[in-house]
Every structure is written in C-alpha cells, then in structure tokens.
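Accompanying notes for the structure given below.
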Amino acid sequence: TPVAGKAELHEHIHADGLMKMQQVQSVAIPAGGEVKFAPMAYHVMLFNLKQQAKDGERFPLTLTFEKAGAVEVEIAVQKDAPAEQDAVHQH
C-alpha cells in the first residue's frame, strides 16, 4: 500500500493466559472456504504510516495470493470497528 512503509500479516493468539500478537508469513485459505480478518483475529498491520489515517478515508492495498496473484482491494478507514453484520462483504 502506498500509505505505509510496510504491511505485515498478523494474528492474535492465546499464550500462557495472555493475548499476544505475532506476524505470520501467510494465511491458508481452504478451497471453497474463507478466512476472516477481524479485530482480535488475523489482521494487516501497517508500519511507518506516511500520515495519520482519518475516519472515512480510503486507500488501496494489494493482497498477493499463491494462485490468484496480486489483487488490489480498497480499504475504508473507520474510527470504530464495524458491527458483525456490517463486516460481511458481499460480491
């Protein structure tokens, strides 16, 4: 993404009674299945932001898939996490 110096995939895990965040190199998506990126689960961590993100802004982010290749998505900045029904993206 052009808005940050670096983007990494991260996940939250429970370890020794604590919630920790760690980087993952890839995320396996089962054939015909799905993986949700959500608060307290898998997420994209942006580092060295070029400017503070503001509620309502949009920016491009390229996801790279093993078989589908590069897929550009549009990210919408939201001050608060969306409600569960709002988080579902339909094609």
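Please treat every number below as a calculation from the coordinates, not as lab data. Because the structure is predicted, anything quoted here is derived from the model rather than measured. Cβ: placed from backbone, ideal geometry, glycine included. Neighbour counts: every protein chain shown.
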Quiz item: Based on DSSP H runs of at least 4 residues, each adding -39500 (n - 2.57), what is the mean residue ellipticity at 222 nm of the chain after dividing by all its residues, to the nearest 500 deg cm²/dmol?
Solution: -500 deg cm²/dmol
Practice problem: Filter the GluC sites (Glu not before Pro) in region 1-67 down to the DSSP loop ones having no more than 10 other Cβ atoms within 10 Å, then list what survives. | Solution: Glu34, Glu66
Quiz item: Mind checking which of Ala31, Ala15, Ala68 has the largest fluctuation in a GNM of the chain, springs on alpha carbons under 10 Å?
Solution: Ala31
Practice problem: Can you tell me which of 16-26, 37-47, 69-79 comes out highest on packing, and rank the rest after it, using the mean Cβ neighbours within 10 Å? | Solution: 37-47, 69-79, 16-26
Quiz prompt | the chain: proportion of alpha-carbon pairs further apart than 15 angstrom, % | solution = 70
Quiz item: If r is the Cβ-Cβ distance from Glu8 to Lys67 and R0 is 25 Å, what FRET efficiency results, to the nearest 0.05?
Solution: 0.70
